[in-house]
Amino acid sequence: MLYKNLISSNDTKYQNLSDIARITMGQSPKGETYNDDKIGLPLLNGATDFRNSISPSKWTSDPRKIARPGEYVFGVRATIGLTTKIFKEYAIGRGTGSAKPISNIFDEYLFFALEDLFDYYANLGSGTVYINISKSDFDSFKVILPIKDQFLVDFHKTVQPLFNLIFNNNAEIQKLSELRDCLLPKLLPGEISINQATK
């Protein structure tokens, strides 16, 4: 609601998305570097790897493009969007992109701008079999910004605590999911006891 109110006011201007964020498009590593042994970096190949939570199915020992903590990742081919903030390094494949705000005051605003972009391309590609968003599509996408920077600062200060709460909860869920995946294979065959697992 705050975002919609901000962009619908009269004191706004249009700028390119590249003016507020640095976009990185993923690149698939060589097939022989893929592994299930968690060697190297976890690989986000497309939106299916972070649909509800970050859940990479493969790792790569030779990442070509890397998304870093604090950046947003999203799907750019077929399934687009599902914008998710990450809290550790990931390799990103060609079905994934990442965005880093050029300043902290754009952080939360960037999330909503990306959602607008994906809505636009989803509607534009309605009825087509395959949607593929290029880097130039991202960079040239027009975002609505308040003319006065103070409005962005106020928006950032208001929304940041809510985002932090959501992201911290998601990060905790991710840690618990990883712990579950690590312990269950050992608990089921009796390699360790519940008492040992809870220590």
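Computed from the coordinates by the stated procedures, all read-outs in this text should not be read as laboratory data. Quick caveat, the model's predicted, so the values are computed rather than measured. Methodologically, a virtual Cβ is constructed for each residue, glycine included, from the backbone with ideal geometry; neighbour enumeration extends over all protein chains shown.
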Report task. Sum -39500 (n - 2.57) across every DSSP H segment of at least 4 residues in the chain, then divide by the residue count to get the 222 nm mean residue ellipticity, nearest 500. Result -> -12000 deg cm²/dmol
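List, in the order given, every pair from Lys85/Lys142; Lys30/Lys135; Lys65/Lys148; Lys13/Lys135 whose Cα-Cα distance in the structure shown is over 31 Å.
Numbers: Lys85/Lys142 22 Å; Lys30/Lys135 22 Å; Lys65/Lys148 35 Å; Lys13/Lys135 22 Å.
Too far apart for the 31 Å limit: Lys65/Lys148.
How high is the FRET efficiency between Lys88 and Glu115 when r is their beta carbon distance and R₀ equals 25 Å, given to the nearest 0.05?
Using R0 = 25 Å, I get an efficiency of 0.60.
Using the Cα gyration tensor of region 26-134, with a ≥ b ≥ c the square roots of its eigenvalues, what is the shape: rounded (a/c below 1.5), prolate (a/b larger than b/c) or oblate (neither)? Walk me through the intermediate numbers first.
Details: a/c = 2.26, a/b = 1.32, b/c = 1.71.
Note, shape of region 26-134 comes out oblate.
Quick one: if the Förster radius is 35 Å, what FRET efficiency do Gln160 and Ser18 give, using the C-beta to C-beta distance and rounding to 0.05?
It comes to 0.95.
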Query raised in the report: What is the helix-to-structure angle for 149-187, meaning the angle in degrees between its Cα long axis and the longest Cα principal axis of the chain, kept from 0 to 90 and rounded to the nearest 10?
Result: 20 degrees
Query - Of Ser103, Ser57, Ser134, the one that fluctuates the most in a GNM where the chain has Cα springs shorter than 10 Å - result: Ser103
**Report entry** Pairwise label distance in nanometres, Thr79 with Ile144, each label 7 Å out on the Cα-Cβ vector
**Finding:** 3.0 nm
Query - With Cα atoms, 0 to 90° folded angle of helix 107-124 axis to the chain main axis - result: 80 degrees
Report task. Place a label point 7 angstrom from the Cα of Lys30 along the Cα-to-Cβ direction, then list the residues of region 59-91 whose backbone nitrogen is under 17 Å away. Result -> 59-65
Query raised in the report: How many angstrom separate the Cα center of region 153-184 from the Cα center of region 64-104?
Result: 16 Å
Report summary line: The Cα radius of gyration of the chain, divided by 2.2 N^0.38 Å with N its residue count, comes to 1.17
Requested in this report: Return the FRET efficiency for the residue pair Asn104, Ser134: r is the Cβ-Cβ distance, R0 is 35 Å, and the value is rounded to the nearest 0.05.
Outcome: 0.80
Report summary line: The extension gain from Ser57 to Asp37, computed as 0.36 nm times the residue separation minus the Cα-Cα distance, is 6.2 nm
Report summary line: Taking a straight Cα-to-Cα line shorter than 12 Å from Lys88, and setting aside same-chain aspartates and glutamates fewer than 8 residues away, one finds Glu71
